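Notes to accompany the following structure.
What follows draws every value from the coordinates through simple rules; no lab data is involved. What you see is a predicted model, and the numbers here were worked out from it, not measured in a lab. In this analysis, Cβ positions are derived from the backbone assuming ideal geometry, glycine residues included, and neighbour counts consider all displayed protein chains.
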Amino acid sequence: MQEAPLMPKATAVWLVENTALSFDQIAEFCKLHPLEVKAVADGDAAQGIKGMDPIQTGQLTREEIEKGEKDNSHKLHLADRKVRVPEQKSKRGPRYTPVSRRQDRPNAILWLLRNHPELKDSQIMRLVGTTKSTIQGIRDRTHWNAASLSPLDPVTLGLCSQIDLDMEVRKAAKEKPAPAEGDRITLLPASVTTAPAQEEEQELTPQETKTKDDADVSAVFAKLKQIGGGRRGEGDDED
């Protein structure tokens, strides 16, 4: 797919004013809608925009414009660049932290270590723009200002965004190994926890249950008889 020229609206203004190209040809070349080009020609759009000559900037040749003026179906093509500028690859490094926020980085590191211990040092370095030695010093309490540090959310401090923090936390959770089968703590099913009680109830037959109830009733009457006999004995002594 053909790239759009530099400053497409300014280029469209120049082509409308200085050529006999159709609106469709200009719109196709500048990657605009034909109605936008018509609005430019009518003066309803791009007011105050100075036209930019695509011939002078090397984006279009005079011959290409003449071909388009003679044939309305001809599509304009960008001229080949005379100088190829290599694309610069962005270097991934520690996040830049403003000078006014650098004093808050140790507090943010302490917050991350306490609230997200699953994060790797490299992830913390990307989030707050620090060094591995600083993280290790805060973790071991050997940092020069360890006694005065207080955990503070790096998102609240403006050191990173909530989206970046959530992304790193999810990434760390995926890389964390799953617990072994023996280390998992799960609730026992109801069939296991209630089985002993059910077994005890099923061990007694109806006859055994009746005998047990009679024994309990007899024990209660015997106790009452003892209490009543003791009270009568006390009354006889008083007389």
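Quick notes on this one:
- Residue match in region 41-50 (condition: in a loop (DSSP other than H, G, I, E, B), hydrophobic (A, V, I, L, M, F, W, C), surrounded by fewer than 17 Cβ atoms within 10 Å (Cβ to Cβ) and touching a helix residue (DSSP H, G or I) at 6+ places or on another chain (Cβ under 7 Å)): yes
- Within region 115-162, the set of residues being in a helix (DSSP H, G or I) and β-branched (Val, Ile, Thr) comprises 124, 128, 134, 135, 138, 155, 156.
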